[in-house]
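All remarks here apply to the structure that follows.
Here, each number is a calculation from the coordinates, and none is a lab measurement. Only a predicted model underlies this, so the values are computations on that prediction, with no experimental measurement involved. Backbone-built Cβ (ideal geometry, glycine too); neighbour counts: all protein chains shown.
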Amino acid sequence: MESGIMNDQQKNKEGFIQTPILLIIISGLIIVGALSYVGVTEYNSYRASQTEKERQSQELILTQEKALENTREEIETLKDTMEQLTPEEPIVTPQNTPVSESQQKPEEDIKQKNLTIDASELGLYLSGVVKISCKNSGGSGSLWNNNSYHVLTNAHVVDEPYPDDSCLVSVVDNNEDLIGVYKIYINEDAWLRYDSIDAAAADIKMININDPGFSSPIKDLNYKISSLRKCSDKMQLGLNVVIIGFPAFGEKEISEYDLPLGMMSSRIITEGIISGYDYGSSLPKKIYPNYFVSAKIDAGNSGGIALSKDENGICVLGIPSWLSLGQYETQGIVQNIYNIFK
C-alpha cells in the first residue's frame, strides 16, 4: 500500500513539473504572436502612408503639367493676337493708354546717331591737306578757295622761309603719290586779309598759293575743305575728332624734282575725342574756347586740319596748333575755327 501511495505522489510530482513548462511555452507563443501582430500592423500602416504620399505626389505632378499646358496655350493665343495686329493699331499699355514719346525709355526714345567719321567721308578731303617745307620751319596746311587759291596754316609753320621769302607746298593724292609742288611767299602782300579775331594771337596765316610752272594746275587741286561748314562754336565733349597732317613721327626722305625738300612726312590720320575746353592765355582776345583732343598730335601737325561730326554731318573743328604738356600726359590743342574766322 505504501508502494501505491509513493507511485501516486511520484506521478503528482511529475505532473507538477510538466504544468509550469506548458505555461511557459503557451506564454511565449502568446508574446510572439502579439509581437508579430504589432509588427504586421506597423508595416501595413507604413505601406499605407507611403501609398498616400505617392498618390499625392502624382496628383501634384498632374496639376503642374496641367498648369504648364494652360500657360503654353495662353502664349500661343497671345502670339496669334500680336501677329493679327495691323500697323495702324497702336500698342497700348495695360491701362489702355497709348505709349507717348515721353514715356518711352531714353535709349529707345533717343537713339544715338552714328557720329563716327568713316573712311569714305575722309577720302573727300585728304588731298586738300598739304605739307609745308621752309628753310628752318615747316608743318602742315590746308587748301582753301576764297575767290582765289590759298593755303591756311599756322604762322609759326612759315616763320623761317627760304631766302626769297618762300616756302614749298607739297600736294599728294589719297595714295600719297605726288601731285605737285607749289610756292607760297611769306610776305604781307601775299596774305589774305580775312576777318579773324586776332590773326597774330591766333597764330594763323592764310597765304596765296602760286604755280611755279612744274606742277599740276592750281585750279585742279582739292579745295573741298573750304566748302565744309564750320562746327558749332562750342562742340560737345566726347564727340569724335580726326586730325589730318604730316607729323614728325611719319617723316621720310624724298628727292623728287631735285628740290630741297629734305625730309617729308607721310600724311597721317589720328582719331580721338574732344576731351576738354582750353581757356588758357595763348589767345588773349579769343571769345570761343579752343579744344583739348585725345587724338595724337606731334610736331608737323601744326597748321593741318581737325574735323569733327555732329548730327548735321562732318564739319571743320579748327586747326591743330599746340601741345599742352602735363607731368605725365600730353594733349593736343586745336584752335577753334571761330577764333580763325568769325
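For the peptides 126-132, 164-170, residues were scored by their other Cβ atoms within 10 Å and the scores averaged per peptide; the highest-first order is 126-132, 164-170.
Shown is the FRET efficiency for K135 and N114, computed with R0 = 35 Å from the Cβ-Cβ distance and rounded to the nearest 0.05: 0.20. The amide H of R267, built 1.01 Å from its N in the peptide plane, has no neighbour under 5 Å, considering only residues 5 or more places off or on other chains. Under 5 Å between amide hydrogens, built in the peptide plane, is the criterion, and for S137 it picks out E160 among residues at least 5 positions away or on other chains. Annotation: amide H-H contacts under 5 Å for I297 (H modelled 1.01 Å from N, sequence separation of 5 or more, or interchain): G332.
Taking the average, over residues, of other Cβ atoms within 10 Å as the packing measure, peptides 136-144, 69-77 rank 136-144, 69-77 from highest down. Spin-label model, K224/T77: points 7 Å from Cα along the beta carbon direction are separated by 6.1 nm. You can think of it this way: the chain between Y279 and S324 has 15.0 nm of extra reach, that is 0.36 nm per residue less the Cα-Cα gap. The ranking of S321, S148 by Cβ neighbour count inside 10 Å, starting from the fewest, reads S148, S321. The length gained by stretching the chain between E52 and N174 to full extension, at 0.36 nm per residue less their Cα-Cα distance, is 35.3 nm. Cβ-to-Cβ counts within 10 Å put C231, C315 in ascending order as C315, C231, the fewest first. Neighbour counting of Cβ atoms within 10 Å sorts the residues S302, S324, fewest neighbours leading, into S324, S302.
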